[in-house]
Structure formats: structure tokens, C-alpha cells
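Contents: one structure, followed by commentary.
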Amino acid sequence: MRRVVGFAIGLFLRVWVWTFRVRVCSPLPLGQAPPSVFAFWHGRQMALLSAGRGRASVALVSRSDDGELQSGVLSALGVESVRGSSSRGGAQGLVAVIRRMVRRHQHALFAVDGPRGPAFVAKRGAAQAALLAGAPLVPVGAGARWAIRLSRIWDDFLVVLPFSRVVVVVGAPLDAGAAAADPALIGRAIAAAGVAAERELSDWCAA
């Protein structure tokens, strides 16, 4: 039932996201990028949904009841899900994600501070996936002109309002081995991409 409800929510979000005016700043068009691991903060998924249209992707989703709901949402948005997290079934989930990348040439999507936080503290799962798959590890940040920040939620979730301008910045690939050894490297790169997105958004709105 949770998955069905999640699918319905995902269909609603799909329409919502299509109203965004989106600018993607990337060194390579996403449609031409090789299978990559995209790393971002947990509370910024809504802004990033607008950048991932048209390319097969897979995400690691918690085995919790909330994860079942999220799987339904992702399915409606065209993103496949693999169940597992840092606390439950993480190793098996990570292997499944890597197989999807290698065999199906899918991008992998990682909220690197999930599923339980702490917020804006990167974990090494994304870097491990990139290292084992031989794929680029790419930091991503986003900004939105019209949004509501849910500051009482642990991940500081950003609800992007309909028809908002959204900027997504895709950073340069990181050294996956170094990032696996020191996940703080991922965090700094995502933060830098977020700052760049806010700067680009400010310039866009001022034009």
C-alpha cells in the first residue's frame, strides 16, 4: 500500500516538477555523460529532479517503511530503486547498484548524508560505488528562486514551489579513491556546487 501511495505522490510531483524553469550547468551534457555516481545532499532532491529527465537512473533506498513509500515515488518519476541503507542491507544494496551501472549503463543517485543524517555530513557509500564501478563521482548542487525550507526536518528539506527558476550545478568529477578514504571531500565539493548554483541563480534573476 505504501508503494502505491508513493507512486501516486510521484505522479503528482512529476507534474509539479515540469513547471520549473531549469538551467543546468554541467561540463558535459547529462545525456552524453557516461554512467556516473551523482552525489548530493538529502534535502535537495526536489530541485534536482528537474535535471534528471530522460536518462536511466538507480537510487539506493532504505528498507524502512518510508523507503517503501520513496520507492513508489521514484518509480513514478522514472528512477529505479534498490533497497538497502547504511544501517540495513547496505552491502547488498551497494552491489546491486554497481551491477545496474555496469550492466545497464545507469546513473547512480546518492544522497550522501542519508538516510538518517546527520545533515550535510557525507558518508562514503557513493565514493565506494564509483570506485568499484569504475565510474565518475560527480558532486551536484542546486538552488531555487521560490522555495520553502523545512528547517524543523533533519535534512532541511527544500520544497521548490511551482514555476520557480531552478539552477543545478554539476561539479567536476572527484577522485573516488580519495573520497572513499575521506568523505569530507565529497561534502566540500557538494557545498561548492551549491554555492555556485545560488550564484548562477542570482545572476539569472538579475538579468
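Computed from the coordinates by the stated procedures, all read-outs in this text should not be read as laboratory data. Remember, predicted model here, so these are calculated numbers, not experimental data. Quick reminder, even Gly has a Cβ in these numbers, built from the backbone with ideal geometry, and neighbours come from all protein chains shown.
Quick notes on this one:
- Virtual spin-label span in nm between residue 105 and residue 1, 7 Å along Cα→Cβ: 4.2 nm
- At least 27 Å along the helix axis (C-alpha) and Kyte average at least 0.0, DSSP helices within the chain: 184-206
- Under 5 Å, built H, 5+ apart or other chain: amide partners of residue 154: none
- Distant-in-sequence amide H partners of residue 83 (H built 1.01 Å from N, under 5 Å): 61
- Phi angles of segment 43-50 translate, via the Karplus equation with coefficients 6.51, -1.76, 1.60 and θ = phi - 60°, into HN-Hα couplings of x, 10, 4, 5, 5, 7, 4, 6 Hz per residue; Gly and Pro are given as x.
- By average C-beta atoms within 10 angstrom, highest first, the peptides 37-45, 151-159, 119-127: 37-45, 119-127, 151-159
- Residues whose placed amide H lies under 5 Å from that of residue 23, excluding near-sequence neighbours: 166, 167, 168
- Cβ crowding within 10 Å averaged over residues, with 92-104, 130-142 ranked highest first: 130-142, 92-104
- Distance distribution note for the chain: the fraction of Cα pairs above 30 angstrom is 14%.
- Helical contribution to [θ] at 222 nm, DSSP H n ≥ 4, -39,500 (n - 2.57), averaged over the chain, rounded to 500: -13000 deg cm²/dmol
- 13 Å cut-off, amide nitrogen to a point 7 angstrom out along residue 153 Cα→Cβ, residues in segment 161-194: 161
- Inter-probe distance in nm under a simple model that places probes 7 Å from Cα toward Cβ, at residue 163 and residue 207: 2.0 nm
- Per residue, the average separation of C-alpha pairs within less than 8 Å and at least 6 apart gives segment 2-206 a relative contact order of 28 percent.
- Spatial offset of segment 1-70 relative to segment 153-207 amounts to 15 Å, using the alpha carbon center of each.
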